[in-house]
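Participant: Here it is, the structure, as structure tokens.
The values are calculated or read from the model by the stated rules, or taken from the named source; none is laboratory data. Every value quoted in this text rests on a predicted model; they were computed, and no experiment measured them. Please note: Cβ atoms are built from the backbone with ideal geometry, for glycine as well, and neighbour counts cover all protein chains shown. Side chains are part of the model used for accessible areas, which takes the heavy atoms of the whole protein and leaves out ligands, DNA and RNA. Shrake-Rupley method; radii C 1.70, N 1.55, O 1.52, S 1.80 Å.
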Amino acid sequence: MPELSDEQLMEASGRGDREAFGLLVKRHHRTVLSFAHRCTNRLTRDAVDDLAQEVFLSAWKSAPTFQPQARVTTWLFRIAANACFNLRRRRRLRDVLTLRDDDDQRLAEAPQSTDRDPRSAEVRDAVDSLPPSQRAAIVLRHFHDMSYTDIAEVLDISVSAVESLLFRARERLRRELATTEDLSPKPQVLPDTGAQP
Amino acid sequence: MRCEHAKQMISRRIDGELDSDDSRGLHAHLAGCADCRAVATQLAIVDDRLDALVVPEAPADFSRKVSARLTDQSAYERIIRHPLAWFPHATAAGLAFAAGVLLVYASNGVRETQTFASAASDGHVADYLQVGFDESIDETLFQLIAPAEELP
Ligand SMILES: [Zn+2]
């Protein structure tokens, strides 16, 4: 049997085909997880897994409304981005109300065991300081190699707005990182010609 | 070209989204502007540093967990779609509510009962009942509904 495309699988999912949806989950869960991880640096690993599961539950729920001309990956990123933004909003609301709830566990400042480079903590903090849309744009561009047009579709904004988001994100990261680490290029070692000045 | 515009173009160049005309324009600006040259170098380094944002391996049982949650969710939706299934629990919640009113009345007197009753008439009763429903959705209700209709 020829391998079905994402879009065919999604259409089948829309008709209630759990097996087709299971194949989509298998195909794309790594992408969704890595996006969610990078967009929500301060979440624990379990919380990110949970968030990614919710993305797929939400995809399953809205599968019947999926437009076949759309791309499944773009659509999944859109759901994932919204989930990350909502989480951030909940977090802000919680901060305002100083309520404690289940999110406290999710939001525990968990140093990620994947950090080997000591500078990566600084990068994570710098990325974490970005507003959500800038952060999503930079993650989609840098790690998922998406074009401006695709990012525009995911975030439901214009291409020029994407360009502006990425520029502002980079400028902010540059300033943040410049205060904590050396952003000057490594000095080039020039060949010794033996000539005296 | 102004520096702000040049910096925006540097960002586009990093993304490979600069056409050849803009590329020539940027090149000319950088040749004459040390500030923007420094920014271009720093932005390239920032882009490199982003690679430090590594993510852990995906858990092996991820697909299974999603599948399990889908099963739970469809069971839940089945309950929502069949309101009659709520009947015994709505009755139970109603009785519990009435018992609560009596209890408050008996232990704290008329004033508290009035407060409780007025909260109920203000719509807060929905909150009380909601709690009851949420809790009852758990295991018991699944056991009541599930055997009648086969879950997917
Ligand atoms: Zn300049």
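Participant: Efficiency by 1/(1 + (r/R0)^6): what FRET value for residue B:68 and residue B:19, r their Cβ-Cβ distance, R0 = 56 Å, to the nearest 0.05?
Facilitator: 0.65
Participant: Give the B-A buried accessible area in Å², both sides summed, 1.4 Å probe, nearest 100.
Facilitator: Approximately 4200 Å² gets buried when B meets A.
Participant: Please identify every one of the trypsin sites (Lys or Arg not before Pro) in the stretch B:1-66 that sits in a loop by DSSP and has no more than 15 other beta carbons within 10 Å of its own beta carbon. Working shown, then result.
Facilitator: Values: sites: B:2, B:7, B:12, B:13, B:24, B:37, B:49, B:64, B:65; in loops: B:2.
Passing sites in the stretch B:1-66 are B:2.
Participant: For the stretch B:3-50, go through all pairs of different Cα atoms, get the mean of 1/r, take its inverse, and jot down that Kirkwood value in Å.
Facilitator: 10.7 Å
Participant: Distance from a point 7 Å along Cα→Cβ of residue A:65 to each backbone N in the stretch A:1-30: keep the residues under 18 Å and list them by number.
Facilitator: Under 18 Å, as judged by backbone N against the label point of residue A:65, lie A:10-16 of the stretch A:1-30.
Participant: Take residue A:147 and residue A:45, extend 7 Å from each Cα along the Cα→Cβ direction, and tell me the distance between the two endpoints in nm.
Facilitator: 3.7 nm
Participant: How big is the accessible area of residue B:1 in square angstrom, nearest 10, if you roll a 1.4 angstrom probe over the protein chains?
Facilitator: For residue B:1, solvent-accessible area is about 100 Å².
Participant: Relative to the Cα centre, what is the charge dipole magnitude of the stretch B:3-50, using +1 at the beta carbon of each Lys and Arg, -1 at the beta carbon of each Asp and Glu, and rounding to the nearest 20 debye?
Facilitator: 180 debye
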